[in-house]
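Below: the structure, in structure tokens.
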Amino acid sequence: MVAVDLAEIPVREANERIREAGARGEDVEVLNPDARHHIGVGLTDPITVRVRGSAGYFCGGLTDGPRFEIDNNVGWGVADNMYQGSVVVGGNAGAIAGVAIRGAEVVIKGNMGSRAGQVMKAGTLLCAGNANFMAGYMMYGGRIVILGESGERLGEDMTGGEIFLGGGLHSLGMDAMVTDISRDEIDSIRAFLDRYEISFKGTFQKVVNAGKRLRYSTTEPTVRSLPFFAFSDHSDYWNRKIQEDVYVKARIGRYRVRGYGGARALPHLSDLAFRKDLSHLGQEADPVSKVKMRTLIGGKNGAKPLDISMPLMIAPMSYGALSRSAKQAIAIASGLSDIAENTGEGGMSDAQRDAAKQLIFQCLSGRLGWNIHDMRRADGIEIYISQGAKPGFGGQLMAKKVTPELAAIRGIPAGIDLRSPSRHPDILGADDLVIKVEEFREATGYKLPISVKLGAGRIHDDIKIAVKDGFDFVELDGMQGSTGAGGAEVMEYVGIPTIAAIVAALDALDDIGCRDKLEIVLMGGIRDGVDAVKALCLGADAVAMGTAAIVAGGCIACMQCHVGQCVTGIATQDPEHEARYKPQVEARNIHRFLETVRWQMAALTHAMGYHDMTQLNREDLVALTPEAAEITGLAYEPGTREREAELLGKVG
Amino acid sequence: MCGIAGILFKHDADGLSTGKALIDMLDGCQHRGPDSTGFALYGNEQADRLRLRFFVGEGAAAAAAIDGIKAALAEHQARIVEDQEIGNNYRALVEFRGDLRKFSYAMEHAAPGATVISIGESLEIVKDIGTAHDVDDRYGVHRATGSHGLGHVRLATESDVKPEASHPFWATGFADVAIVHNGQITNYWKMRRRLQRRGFEFTTDNDSELIAVYLADKLSLGVPLKEALKMSIDDLDGTFSFLVSTKDEIGYAKDRLAAKPMIMYETDDLIAIASEEVSLNRLFPGQALDTREPPPGSYDTWSRST
């Protein structure tokens, strides 16, 4: 038994000692915990950790295997995302006890706070006292046993799993219902109670999902698909696009969901031009060798930075929206070009991990596929707050794509229209976020850069929060960003254009004198090296490309990503469709495209007279339209339009 | 974007450690807000005496602002009993008999560069940028021995890091009412316009000031504090956990969605409330406390025995 005294050492050091003890197979006793946060986070060995007092937030979070025994109370998020293992709390638990657990046994001897078991997938959460507001909120599986009172809105929007209630039912949540309980279920609960030496004489009611809101009640009919290029024409007010939209809405009676990006013309990087005359571009045969392009991102606070061969990354896209093969091809291409890849929502696959040299692991609100083991083998951790294509909304994955295999990885029932939560269970403000970031740092030994993905909205405030909460960099996503499935109107009308986002972000950093404290990776409609260089001139530290990479790998822009029957095998989970996709071949195509981008970036930078991409700056740009000038504050020089067209002919 | 704390000792006694307790509690949750820290502290009241605190800045600007304040005090027949310049504050004890609300609004406009922090018979609000210990070093908060008080740490998001934007907020125009708040009031402008139409002035755009004025309005109409807190849960929209203090009481209210944390520990001698248990444990290191999390949509008050 190893004793760790929190009156003597900080939690960070204590967690290192706990993990060392775990590696040796020794149990640990934590003295004087005094409700400090993050005790035992990141432990993956099956030892017992006894906490002699109260623990704070996320006690036993992001773990797999250990047994925690806490003498007294715990704060928010006890056992956060715990796989195997158990946590026994002698006193009360704060809000979101057992959040996102994937098999753990969590026993609260006292009462528990609001939203207990939110987005849990498997395991048992038992509360011997009373539960509180919205217990079982958005749970996907596993069981919650409450011996006392239910609290208000029990099982609110639960998708799967069961709740067994021993005390009084205050009220049921949305789409929850009381159902019959079987002998076996009662026996199983009794055995569980015996195992944890809890006596209970009463009877149980069982609450499950009522199944009225798991799927849209009508399915969208298959219509002849409209190619994106026809879709985005501006020929007249009541064009074919509008007509088709009205037809479909008349049939389904709700908003439509589609894939790809917004189609409205918005001020963008193409409305900016280079100030200098670059007509000599092309005279240098090998510009790549003449320009320093290697870029480090995320190392400002002591983490090991991402080391990329040019200021370019792959934008986050999920396994789920895309097929395993498509994700694999992108990962291979990113490795060949020596840039960073990103998992997006829905977990990490071995093929992707093996192929990508550097991989960012993204944590979303539903914690789908999120786990400590993959965190450990990532090169960066990213908290998704929102995305440019649909700021404020969670991911959407229609039933056709929620196959049994995919559902198993995500820990959810197969065949539902998955609408991920729009908010994280434990991030309701900047004050909560700072504690979450700290949890991730504890779980990964402070080694990995931690970034935040922000869909452009209230940039000025959000960027300041990102600095204050200690993020290493931000992935800033403008409204020209695409998605695998989003509400059509949201994609067209919600958000801030990419050029406005970067300008607002830099203004905010200047406001608080933190221009050097936070790196910005800009994304949202970056199509080629020309766009990338303009973004870097505006002040981005790097850019990320999603749609361009997919198109390079065979996407035909049919906008049917959400349907799940992608003819190219990219945006599908159907094995027959996926079989059409040849990851090795498409990886070469994507890689060739990325190398073209590299050449474009180098050629332009070199032609501007620079030898390092960090020399690019705002003075290198002018605006071609009044709108772009107003947004960026750049000089309005429409006269450069012709020259710009000529230049694009050379580098395009 | 903050952490809050409050403490009330139920039995009056000499040598209470109220200031020190609040500093410890806030130091315990400083991770929730490193930008600024503030305290609402209560001292002994004296008949017809008011305690005033202003932000005046420093140097020549401060001297000019203080001159303006002194002139305004004289104009409103408030006699200075004692005064002091401390940190970026001007602090005065004055003899005053008259309409406090009119007097407060006049003090708001006493001089350019002078901003009222608090006016009360026993309340003084101390707040500035920096941590709990920074503010204590500047203003000697640890010396406060009153029966109760509130504290707040702030992470500035929508407004700038400046002393005026830090908490606690005084209920402008109402003696001795202060609040600290964690959360966001989403019907701020609607409620503010409603109160403005009835003649109340607001000195900031901060939603927390609204809560203070809202409650003080109810109290001035004779509504007991507990009842006012109950009404606030119906009238205010958003996510909030807040604490309020008056001359003799502290209370709390928590919104129905329970999105913002709050936890409390009560004994025969005291009630302590904070955003996180880690703050409560600072008062009782090494002890496992029998704490309680208030349910969504709840409220309560505690009084000191007099």
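The values are calculated or read from the model by the stated rules, or taken from the named source; none is laboratory data. What you see is a predicted model, and the numbers here were worked out from it, not measured in a lab. No Cβ is skipped: glycine too gets one built from the backbone with ideal geometry, and neighbour counts run over all protein chains shown. The accessibility values were calculated without ligands, DNA or RNA, using every heavy atom of the protein model including side chains. Shrake-Rupley method; radii C 1.70, N 1.55, O 1.52, S 1.80 Å.
Summing both sides, how much accessible area is buried between B and A? Use a 1.4 Å probe and give Å² to the nearest 100. That pair hides around 2500 Å² of surface in total. Other residues with beta-carbon under 12 Å from the beta-carbon of A:ASP5 carry, at +1 per Lys or Arg and -1 per Asp or Glu, a net charge of -1. Computed packing ranks the peptides A:567-577, B:28-38 as B:28-38, A:567-577, most packed first, by mean other Cβ atoms within 10 Å. Shielding of peptide B:281-290 by partners, expressed as the average count of other chain Cβ atoms within 10 Å per residue Cβ, is 6. The residues of segment A:243-651 expose on average 34 square angstrom of accessible surface per residue, using a 1.4 Å probe on protein heavy atoms.
GNM remark for chain B: springs join alpha carbons under 10 Å apart, and the peak mean-square fluctuation among B:ALA64, B:ALA114, B:ALA228 falls on B:ALA64. Give the carbon-plus-sulfur fraction of the accessible surface of the protein assembly as shown in %, rounded to a whole number; probe 1.4 Å, heavy atoms of protein chains only. For the protein assembly as shown, the apolar C and S fraction of the accessible surface comes to 49 percent. Neighbours of A:ALA122 by Cβ distance under 11 Å: Lys/Arg scored +1, Asp/Glu scored -1, total +2. Structure note, pairs A:LYS121/A:LYS582; A:LYS109/A:LYS436; A:LYS276/A:LYS534; B:LYS102/B:LYS226: Cα-Cα distances above 22 angstrom occur for A:LYS121/A:LYS582; A:LYS109/A:LYS436; B:LYS102/B:LYS226.
When both bridge partners sit in the protein assembly as shown, DSSP labels roughly 55% of those beta bridges antiparallel. The loop-placed GluC sites (Glu not before Pro) in segment A:1-82, going by DSSP, that have at most 13 neighbouring Cβ atoms within 10 Å of their Cβ come out as A:GLU8.
Local charge for A:SER334 was computed over the other residues whose Cβ lies under 10 Å away, with Lys and Arg +1 and Asp and Glu -1, and equals -1.
Suppose every K and R has +1 on its Cβ and every D and E has -1 on its Cβ; what is the size of the dipole of chain B about the Cα centre, in Debye to the nearest 20? Can you show the working numbers first?
Values: 33 positive and 46 negative charges, 148 e Å.
Dipole size: approximately 700 debye.
Of the listed residues A:THR483, A:THR547, A:THR614, the order by accessible area with a 1.4 Å probe, largest first, is A:THR614, A:THR547, A:THR483. Averaged over its residues, segment B:46-120 has an accessible area of 47 Å² per residue, based on protein heavy atoms and a 1.4 Å probe. Computed with a 1.4 Å probe over protein heavy atoms only, the accessible surface of segment A:2-209 comes to 31 Å² per residue.
Ordered by packing density, taken as the mean number of other Cβ atoms within 10 Å over each peptide's residues, highest first, how do A:531-544, A:110-123 rank?
A:110-123, A:531-544
With only the Cα atoms considered, the protein assembly as shown has a convex hull volume of 185 Å³ per residue.
Residues of segment B:240-275 whose accessible area (probe 1.4 Å, heavy atoms of protein chains only) drops by at least 10 Å² once all protein chains are present, relative to their chain alone: B:ARG256, B:LEU257, B:ALA258, B:ALA259, B:LYS260, B:PRO261.
Counting only residues at least eight positions apart within a chain, or on another chain, the lysines with an alpha carbon under 26 Å from that of A:LYS249 are A:LYS212, A:LYS241, A:LYS390, A:LYS400, A:LYS401.
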